[in-house]
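Working notes, structure below.
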Amino acid sequence: MSPPRETRDREEQVPLTPAMFHVLLALADEEMHGYAILKEVERRTDGKVRLSAGTLYGIIKRLNGEGWIVESSKRPAASLDDERRRYYRLTEVGRQVAVAEARRMEELLKMARNKKLFAKPNLA
């Protein structure tokens, strides 16, 4: 039996670029503004991935156009906010795309392990 049509649609939208996937991951837990996304990606990757502002905002424009993220209307308290910031959140479709990409990567990793590219699985 084949997967439901909606699942197949999400799977057809992957693979994503690594940078796109990092942005979706950054937004998976909470709404963020652009600079916070940059810092989250850098922090989560121990500085191995550093997105430029131009790259990030190009990705945001694309993800927004695909309906995977949206600009949030929620704002922090005025004392904690800068009115120039735009906050973004992951949509349900965006979450489905991120899950489909994670599953795709998991399958690739499984194939690499089956080919003995790793001496032992890293269970960190």
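The values are calculated or read from the model by the stated rules, or taken from the named source; none is laboratory data. All of these numbers come straight from a predicted model, not from anything done at the bench. Using ideal geometry, Cβ is built from the backbone for each residue, glycine included, and neighbour counts are taken over all protein chains shown.
Quick check on the stretch 70-79. Is at least one of its residues closer than 16 Å to residue 31 by Cα, at pLDDT 95 or above and touching a Gly at 6+ places or on another chain (Cβ under 9 Å)?
There is at least one residue in the stretch 70-79 that is closer than 16 Å to residue 31 by Cα, at pLDDT 95 or above and touching a Gly at 6+ places or on another chain (Cβ under 9 Å).
Yes or no: the stretch 50-63 includes at least one residue that is in contact with a Ser or Thr (Cβ under 8 Å, 6 or more places away or on another chain), of a type in the set (Ser, Thr, Tyr) and modelled with pLDDT of 95 or more.
Scanning the stretch 50-63, I find no residue that is in contact with a Ser or Thr (Cβ under 8 Å, 6 or more places away or on another chain), of a type in the set (Ser, Thr, Tyr) and modelled with pLDDT of 95 or more, so the answer is no.
Right, residue 31: modelled with pLDDT under 95, out of contact with any Pro (no Cβ under 8 Å at 6 or more places or on another chain) and over 24 Å from residue 106 (Cα atoms) or not?
Criteria met by residue 31.
Cβ-Cβ under 8 Å, sequence separation 6+ or interchain: first residue in the stretch 96-117 and within 24 Å of residue 67 (Cα to Cα), partner charged (D, E, K, R) and outside any helix (DSSP H, G or I). Which pairs?
Close Cβ pairs satisfying both conditions: none exist.
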